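Peer 1: First the structure, then my questions, so here it is.
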Ligand code: UD1
């Protein structure tokens, strides 16, 4: 199994180009199920999760061509199947995003229940309640969700989310595009990936208002067509490399990164003593002087992203003073803490909060983690640590970071993949 070896202590310097967003492409790909002709996506990152979604759509009978050199995906239907099997869904929870489009277009879908994952129980009740409000009949049996649209198809509805959910907003937004009448999604998630999905759906002929707000209004149309759409840049990848520059005391230009998409992450980095400057082609990140501890609380966008929590905690491990990191989105998202502690970090967890007391130096160690962002936080710690760090279970990183070690080596990190 692949591992990544890092010899820490080198300040990063140079330019990193940000890839298309994993979480955007994983919602854009299932939207092709809604279209009567081919959807062409550009700026597609080459990630294991994209391969998994490709396999799922192919399993559903879609014709999917991923040109990795051109960074494009062509997805053409119609789907001939309606079942997302356990073997694919257990690998990637985002598989549940085929549910809304399949019910809306084909009237029926069977999707394996995703179940728990490394970062918590992660229910899908909001996806199901929303479809029910649109007239679908839902049954859950033998580990599978079965959703059936009423005779005349899904009907527009007013859906008020009790908690903000990215996936439920995406699933119901897609379903609503082909429903009969108007749908209003209230307390909808506002992540840039949702805006990107809405823009793509509009290109396909959907009628959506309120983009970028927490109230999306969709007027159903009879059919959607294919379109060409570039995937938005990955704000979490950008934020991760911003932390890499900061933790090594370096200066890096993040080509394609957008300040407005970083949300609270940019503000918090600045408070910690990291320069974040917007230029026409991207963001310049530089550690000014010393780093200092800042408290953060994860929240839906534009708040501090839960997907940046582990990386920011790694940074706080070497800051002056203390920092309190509170996780409000997922209940079990501190798996990186014991591994960071093995590298010399001083962290105490109290319920949903972790108190980090900065140390002068981390020291390299063999480490591993159980999810994508936790794994990359260990890479960041390794970049700053004295000596050698070996990160195991690299397949987590390959799910969401394209050519991680190449991108970091190109800006001066001493990092390599060991087969
Ligand atoms: C997406 C992202 C993930 C990110 C997360 C939060 C993708 C592919 N994944 O995941 O990287 O960490 O947003 O920004 O885009 N919830 C319910 N019932 C539901 C759905 C969600 O209670 O039906 C809860 C969850 O348990 C969690 C919170 O709502 O506590 C937010 O989850 P959600 O936004 O849905 O996360 P995902 O869409 O799964």
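Values in this text are rule-based calculations from the coordinates and carry no lab data. This structure is a prediction, so every number in the text was calculated from the model and none was measured. Here the Cβ positions follow ideal geometry from the backbone for every residue, glycine too, while neighbour counts run over all protein chains shown.
Peer 1: Can you pull the semi-axes for region 148-204, root of five times each eigenvalue of the Cα gyration tensor, sorted largest first, whole Å? Can you show the working numbers first?
Peer 2: Working: eigenvalues 75, 43, 15 Å².
Rounded to whole Å, the semi-axes are 19, 15, 9.
Peer 1: Relative contact order, percent, of region 148-206 when contacts are C-alpha pairs under 8 Å separated by at least 6 residues? Before the final figure, lay out the partial values.
Peer 2: Values: 63 pairs, mean separation 24.0, N = 59.
Relative contact order of region 148-206: 41 percent.
Peer 1: Mind checking the log10 I(q)/I(0) for region 68-164 at q = 0.16, 0.21, 0.25 Å⁻¹? Debye, one equal scatterer per Cα, no solvent, two decimals.
Peer 2: For region 68-164 at q = 0.16, 0.21, 0.25 Å⁻¹, log10 I(q)/I(0) is -0.73, -1.11, -1.35.
Peer 1: Nearest 10 degrees, 0 to 90: what angle lies between the long axis of helix 372-384 and the longest principal axis of the chain (Cα atoms)?
Peer 2: 20 degrees
Peer 1: Could you give P(r) for region 313-383, binned at 10 Å from zero, as whole percent values over all Cα-Cα pairs?
Peer 2: Pair shares across the bins are 23, 58, 20, 0.
Peer 1: Okay, moving on. Build a GNM of the chain with springs between Cα atoms under 10 Å: which of 125, 234, 180 gets the top mean-square fluctuation?
Peer 2: The residue that fluctuates most here is 125.
Peer 1: Would you mind pulling out the separation of the Cα centroids of region 157-212 and region 58-81, in Å?
Peer 2: 23 Å
Peer 1: Label residue 55 and residue 163 with points 7 Å out from Cα along Cα→Cβ: what is the distance between them in nm?
Peer 2: Spacing of the two 7 Å Cα→Cβ label points: 2.9 nm.
Peer 1: Moving on. Do the sum for the chain: with -39,500 (n - 2.57) for every DSSP H run of n ≥ 4, divided by all residues, what is the mean residue ellipticity at 222 nm, to the nearest 500 deg cm²/dmol? Please report the intermediate quantities before stating the final value.
Peer 2: Values: 15 runs with 132 residues, N = 419.
Helix-only estimate at 222 nm: -9000 deg cm²/dmol.
Peer 1: Which value, in nm² and rounded to one decimal, describes the direction-averaged projected area of the C-alpha convex hull of region 1-60? Intermediate values should be presented prior to the final figure.
Peer 2: Values: hull surface 26.0 nm².
Mean orientational projected area (region 1-60, Cα hull): 6.5 nm².
Peer 1: Something else about it: Going by average Cβ neighbours within 10 Å, how do the peptides 374-384, 243-253 rank, with the highest at the top? Intermediate values should be presented prior to the final figure.
Peer 2: Working: 374-384: 28.8, 243-253: 24.5.
Output ranking for 374-384, 243-253: 374-384, 243-253.
Peer 1: Still on this structure, please answer the following. Please order 91, 22 by the number of other Cβ within 10 Å, starting at the fewest. Write down the numbers at each step before the final one.
Peer 2: Numbers: 91 16, 22 24.
Listing 91, 22 from fewest to most nearby Cβ atoms yields 91, 22.
Peer 1: Further question on the same structure: Taking the simple approach of a point 7 Å from Cα along Cα-to-Cβ for both residue 416 and residue 63, what is their distance in nm?
Peer 2: Inter-label distance under the simple model: 4.4 nm.
Peer 1: Express as a percent, rounded to the nearest 5, the fraction of DSSP beta bridges in region 125-192 (both residues included) that run antiparallel. Before the final figure, lay out the partial values.
Peer 2: Details: 5 of 9 bridges.
If we restrict to bridges inside region 125-192, about 55 percent are antiparallel.
Peer 1: Still on this structure, I have one more. May I ask for the Kirkwood hydrodynamic radius of region 26-93, worked out over all distinct Cα pairs and given in angstroms to one decimal? Show your work: numbers first, answer last.
Peer 2: Numbers: mean 1/r = 0.0832 Å⁻¹.
It works out to 12.0 Å.
Peer 1: Another one. Where both residues lie in the chain, what percent of DSSP beta bridges are antiparallel, nearest 5? Let's see the in-between values first.
Peer 2: Numbers: 58 of 81 bridges.
If we restrict to bridges inside the chain, about 70 percent are antiparallel.
Peer 1: What is the mean projected area of the alpha carbon convex hull for the chain, to one decimal in square nanometres? Could the numbers behind the result be given before it?
Peer 2: Working: hull surface 72.6 nm².
Averaged projected hull area, Cα only: 18.2 nm².
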